[in-house]
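S.K.: The structure under discussion is supplied below as structure tokens; questions concerning it will follow.
Readers should treat all values here as calculations from the given coordinates under stated rules, not as data from a laboratory. Quantities reported herein were computed from a predicted structural model and do not represent experimental measurements. In this analysis, Cβ positions are derived from the backbone assuming ideal geometry, glycine residues included, and neighbour counts consider all displayed protein chains.
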Amino acid sequence: MDNITFASLLDPWVLFGLFFQFVFFARFIVQWIVSERAKRSVMPKSFWYLSIIGSIGLLIYSIHIQSLVFVLGMSFNSIIYVRNLVLYKGI
């Protein structure tokens with residue numbers, strides 16, 4: 001495993017991966033806020049959009065770093081997220 005250095009944090013690909021990891025994480029924050037406001041568990045449409053955007057970005061990153069496990073995980077997730085938007089009645 002590579003050592004984490006300040007220089008590695010400035011690598012454009014690392015920044016790309018971190019950005020899309022944040023987008024993927026943000027979906028949970030959005031879901032939590034919407035659910036708190038509704039006083040019940042709610043899965044807003046934005047959750048699925050953030051899921052798709054985050055997983056596609058992470059898929060691109062995982063292809064770049066050549067991680068088979070990561071590529072497979074992000075590939076299949078995206079299919080489920082798109083299907084959930086279709087079920088939500090509208091992309």
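S.K.: Please find, within segment 27-46, the residue that is farthest from the chain's Cα centre (by Cα) out of those that are more than 21 Å from Val86 (Cα to Cα) and not charged (D, E, K, R).
M.R.: So, considering only residues that are more than 21 Å from Val86 (Cα to Cα) and not charged (D, E, K, R), the one farthest from the chain's Cα centre (by Cα) is Ala38.
S.K.: If you check every pair at least six apart or on different chains, which have Cβ atoms under 6 Å apart with a residue in segment 47-61 that is closer than 15 Å to Val86 by Cα and in contact (Cβ under 8 Å) with a residue 24 or more places away in the chain first and a residue that is polar (S, T, N, Q) and assigned to a helix (DSSP H, G or I) second?
M.R.: Every condition considered, the pairs that remain are Trp48/Asn84.
S.K.: For residues that are under 16 Å from Val30 (Cα atoms) and among the aliphatic types (A, V, I, L, M), scanning just segment 44-63, find the one that is surrounded by the fewest Cβ atoms within 10 Å (Cβ to Cβ).
M.R.: Ile53
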